[in-house]
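Input: a single structure, listed below in structure tokens.
The values are calculated or read from the model by the stated rules, or taken from the named source; none is laboratory data. Just so it is clear, the model here is predicted, and its values are computed rather than measured. Note that we place each Cβ from the backbone using ideal geometry, even for glycine, and neighbour counts take in every protein chain shown.
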Amino acid sequence: MPDIQWMNLDPVKLMEELSQFTSLEGFKEMLDKAQVGHAYMNRPCLDPSDPDCPLSAPNKEQGESPDIAGRLQGGCHGFSRKFMHWQEELILGGRVKNSQEILLSAEALQTMFLLMSPKQLYEHFKDDYEIHDINWNEEKATAILESWQRKFVEVVHQSIPDNSSQSIHAFSTTTLNDIMKSFSDVSVIRVAAGLCLCDHAKVGLCQVPGAVGLAGVLLVALSVAAGLGLCSLLGLSFNAATTQVLPFLALGIGVDDMFLLAHSFTEAGSNIPFKERTGDCLRRTGTSVALTSINNMIAFFMAALVPIPALRAFSLQSF
């Protein structure tokens, strides 16, 4: 018996053969309610001359290509006609329709493959005798799924010749995770360069000694590092915005207050006693610094209410 695949799986015929050995009335009723029928066996093939095209396909004998636009009008059905209906706008891009809203053509077609979750894969094979000696667990199931997705993307990209007018863009959950991981890697060189530029700019504008500017920048940088460490202890997830944007955003906001204080302290005059000079500096800029900090905290807190996980994590870490 050949391996069961979509091009040779006929649920109706399979139920008839298995019914000779046991009662499958409940299973048959479930398939009928899901409107599975003959599954893909009675649907047209894109290429009727393909050896894998089932003999039961309606266009197999005539050898005619199907009306793809007509078949995709309003979407198409999966294995179950009742529960697996792919909407037209979900699977087609660049659609062209006439005045009667009849689909004429499309520039892109999207195909989706649903995989088991790591837990489902683990549960499916946990009692299989072939995996008893490999310490089967959910972590290994996750690694297998990720490896399969990467290999799938690689095979899909290699399936189109270089001189083809068509292009394929394969994407998977693992692809997204790899992209997020690459963007989430902290670049020490970039952060250090940003600190040096901020220090140089603030020292030049404030006309204060370099040690004061450097101390202010380092104070802000250490505060950012401490804040991110606290967020890590609280379990807030890190993403690309956290590692690539947040340090410079917090540095810019924090150094701006240092710029105002340093500038005001310099203008107070060196002939005034230190305590009076500090009090005058805080009197002139303290209100602005306090209001700026409060407004920033309120803005980030309000942004944390948005139901987008990445934005919420970024806002809470900025807060």
How many residues of segment 140-183 are out of contact with any Asp or Glu (no Cβ under 6 Å at 6 or more places or on another chain) and not in a loop (DSSP other than H, G, I, E, B)? The answer is 29
Under 6 Å between Cβ atoms, at least 6 apart or on separate chains: pull out the pairs that start in segment 164-181 with a residue that is farther than 21 Å from ALA108 by Cα and end on any residue that is at pLDDT 80 or above.
THR174/GLU146; THR174/GLN149; THR174/ARG150
Quick check on segment 60-75. Is at least one of its residues surrounded by 12 or more Cβ atoms within 10 Å (Cβ to Cβ), of a type outside the set (A, V, I, L, M), in contact with a His (Cβ under 8 Å, 6 or more places away or on another chain) and not in a loop (DSSP other than H, G, I, E, B)?
no
How many residues are modelled with pLDDT under 80 and closer than 30 Å to GLU123 by Cα when one looks only at segment 136-170?
0
Members of segment 121-147 that are surrounded by 13 or more Cβ atoms within 10 Å (Cβ to Cβ) and closer than 30 Å to ILE168 by Cα
LEU121, LYS140, ALA141, THR142, ILE144, LEU145, GLU146
Do you know which residues across segment 98-115 are surrounded by 14 or more Cβ atoms within 10 Å (Cβ to Cβ) and either outside any loop (DSSP other than H, G, I, E, B) or touching a His at 6+ places or on another chain (Cβ under 9 Å) (or both)?
LEU103
Can you tell me which residue is modelled with the lowest pLDDT among those in segment 262-297 that are loosely packed, with under 13 Cβ neighbours inside 10 Å, polar (S, T, N, Q) and part of a helix (DSSP H, G or I)?
THR287
For LEU24, work out the one condition from (1) exposed (fewer than 13 other Cβ atoms within 10 Å of the Cβ); (2) farther than 22 Å from MET7 by Cα; (3) out of contact with any Asp or Glu (no Cβ under 7 Å at 6 or more places or on another chain) it doesn't fulfil.
(1)
Contact list please: Cβ distance under 9 Å, first residue in segment 1-30 and farther than 30 Å from ASP47 by Cβ, second residue among the aromatic types (Phe, Trp, Tyr), pairs at least six apart or on different chains.
LEU18/PHE27
Output the residues belonging to segment 298-319 that are within 15 Å of LEU246 (Cβ to Cβ), part of a helix (DSSP H, G or I) and in contact with a Phe, Trp or Tyr (Cβ under 6 Å, 6 or more places away or on another chain).
PHE300, SER315, SER318
Read through the list (1) under 32 Å from the mean Cα position of the chain (by Cα); (2) among the small types (Gly, Ala, Ser); (3) surrounded by 12 or more Cβ atoms within 10 Å (Cβ to Cβ), then give the number of the only condition that GLY94 fails.
(3)
Can we say ARG43 is in a helix (DSSP H, G or I) and either in contact with a helix residue (DSSP H, G or I) (Cβ under 7 Å, 6 or more places away or on another chain) or surrounded by 13 or more Cβ atoms within 10 Å (Cβ to Cβ) (or both)?
no
